[in-house]
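Take a look at the structure set out below.
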Amino acid sequence: MKKAIAMILAVAICMSICLSLSSCNKEKGGELTEFTVIDSPIEDNVWDMRLWDNKIFFGTGDGNANTGPISVYAYDLESGSFFESGVLLEEVVNTFLVVDGILVAPGIDSTQNNNISNYNTYENGEWIQHRILTNTEHCFDLASFGDRYFYGVDADISYSPCFSTNKNDEDLVRHYFYKDGKRVTKGIESARVFDLVVLHDQLYAIMSRDENRTLILEVYKYNEENDTFEYLSDLGSSARVASYINFKIIGSKAVIGDRLFIATSQGYYTDNMVDFYQLDFQGEYLLDYYQDGSTLYALCHYPLKNGQYETSIWALDLTRNDVNFERLMYFKSEHLCVSLAKAGNTFYLATADINYLGDPKGVILSVDMKNE
């Protein structure tokens, strides 16, 4: 099943690159900048970064290779040094979240037992494993809604791709998905909820299904009265799915006010979870978002013919009503940057060998913003 999804994504990626290379030579503006490689102990792909408590945490691992446990390294901005924040009994950390003021790492493919998945919280300087999601292998996302935590998972033996508990890790409930009055996940073992979204005080789940070797991506709205998720829209009709990262169909998302921004190697936004509008990054591939105050930054890149990459950072002024990102800076290097964080006037970028081309991985770069 993992290989099937990986193949689908690989085909989508290749098509995306081939179709868009011709548009990569547009004049896009921005300033050519210099980058610095930070000496770090990380040797694996870095899928996500999160600035927390003046430290940057790095999510690494490989869910396809089925290896683990993994060390979660962090970079202390005050001392300028790396340290191991803890070891997780997981194969990969694709995403860091902040839920109810707590740093969270959803667990994918526990190395303990394939029949139980976890989520992990970082509290008082240590990682705590919450081993509560039975009969499922992966926890992709976690959201706080009302007095419960909701978990996006792969469909378990009852064909439910979303669970919830109270906030004491008790009262595990499986939630079912309905379309036209019928349960859509029944008999479809590939159903997965990679992303949960709270927008306009409503909870939504973005579910993917492998149907006849085609990746279907749909939005479902939570019905509190029935305790079910009901079909709302077809994301696949407007957003091509071509995420570079296995087990991360939507590479990054950000809820800003009344809008959701998502990245699937292309960028989209919506204010109603029905209509999705494409953002213009002029042929570049979008990998990550990062919000800093009143600015939303986007990390993009495109491959050069010499085997290098041109990495760029775009900025959206959130005080304006428009959604036009401006290209802020760019640089060319052998590093494929997939994740972004910002502290002060410095951007930090993490790299991965996502196409298995021998690209440098685990490398951490820093780029300083030029003073106005």
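What follows draws every value from the coordinates through simple rules; no lab data is involved. Since the model is a prediction, treat every value here as computed from it, not as a measurement. For neighbour counting, all protein chains shown are included, and Cβ atoms are generated from backbone atoms with ideal geometry for every residue, glycine included.
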**OP:** Starting from one equal scatterer on each C-alpha and no solvent at all, send me the Debye-based log10 I(q)/I(0) for the stretch 253-372 at q = 0.09, 0.10, 0.15, 0.16 Å⁻¹, two decimals.
**Re:** -0.25, -0.30, -0.67, -0.76
Original post:
What's the angle, to the nearest 10 degrees (0 to 90), between helix 2-20's Cα axis and the longest principal axis of the chain?
Top reply: 40 degrees
**OP:** Compute the Rg to Rh ratio over the stretch 57-149 from the alpha carbon atoms, using the Kirkwood formula for Rh, and round to two decimal places.
**Re:** 0.98
Original post:
What spacing in nm lies between the two simple spin-label points modelled at Lys305 and Glu170, each 7 Å away from Cα in the Cβ direction?
Top reply: 6.6 nm
Original post:
Say R0 is 25 Å: what FRET efficiency, to the nearest 0.05, do Tyr277 and Ile256 get from their beta-carbon distance?
Top reply: 0.95
**OP:** Enumerate the calculated ³J(HN,Hα) couplings along the stretch 354-366 in order (Karplus 6.51 cos²θ - 1.76 cosθ + 1.60, θ = phi - 60°), each rounded to whole Hz, writing x wherever the residue is Gly or Pro.
**Re:** 6, 9, 6, 9, x, 5, x, 10, x, 7, 10, 10, 10
**OP:** Express in nm, to one decimal, how much length is gained between Glu230 and Met369 on full extension, taking 0.36 nm for each residue of separation and deducting their alpha carbon distance.
**Re:** 45.6 nm
Subject >> lysines whose Cα lies under 24 Å from that of Lys342, excluding same-chain neighbours fewer than 8 positions away >> reply: Lys28, Lys55, Lys248, Lys253, Lys332, Lys361, Lys370
**OP:** Could you state, as a whole-number percent, how many of the C-alpha pairs of the stretch 255-325 are farther apart than 17 Å?
**Re:** 41 percent
**OP:** May I ask for the Kirkwood hydrodynamic radius of the chain, worked out over all distinct Cα pairs and given in angstroms to one decimal?
**Re:** 20.9 Å
**OP:** Putting +1 on Lys and Arg Cβ atoms and -1 on Asp and Glu Cβ atoms, find which of Tyr176, Leu133, Ser144 reaches farthest to the positive end of the dipole of the stretch 95-222.
**Re:** Tyr176
**OP:** For the stretch 122-248, restrict the atom set to alpha-carbon positions and state the Rg and Dmax in Å.
**Re:** 14.6, 47
Original post:
If you place +1 on the Cβ of every Lys and Arg and -1 on the Cβ of every Asp and Glu, how big does the dipole about the Cα centre of the stretch 37-107 come out, in debye to the nearest 20?
Top reply: 120 debye
**OP:** For an R0 of 56 angstrom, estimate the FRET efficiency from the Cβ-Cβ distance between Gln202 and Ser81 and round to the nearest 0.05.
**Re:** 0.85
Original post:
Using a Gaussian network model of the chain with C-alpha springs under 10 Å, which one of Pro303, Pro106, Pro41 is most mobile by mean-square fluctuation?
Top reply: Pro41
Original post:
Rounded to the nearest 0.05, what FRET efficiency is calculated for Phe145 and Glu27 with R0 set to 35 Å and r the Cβ-Cβ distance?
Top reply: 0.20
**OP:** Work out, step by step, the length gained on full extension between Thr134 and Asp322: first 0.36 nm times the residue separation, then minus their alpha carbon distance; give nm to one decimal.
**Re:** 63.3 nm
Subject >> Magnitude of the charge dipole, the chain, Cβ model with Lys/Arg +1 and Asp/Glu -1, debye to 20 >> reply: 1020 debye
**OP:** Give the Rg (one decimal place) followed by the Dmax (whole number) of the stretch 105-170, computed from C-alpha coordinates and expressed in Å.
**Re:** 11.4, 37
Subject >> Of all DSSP beta bridges in the chain, antiparallel share, percent nearest 5 >> reply: 95 percent
Subject >> Listed residues Leu196, His301, Phe229: farthest to the positive end of the dipole of the stretch 167-308 (Cβ charges) >> reply: His301
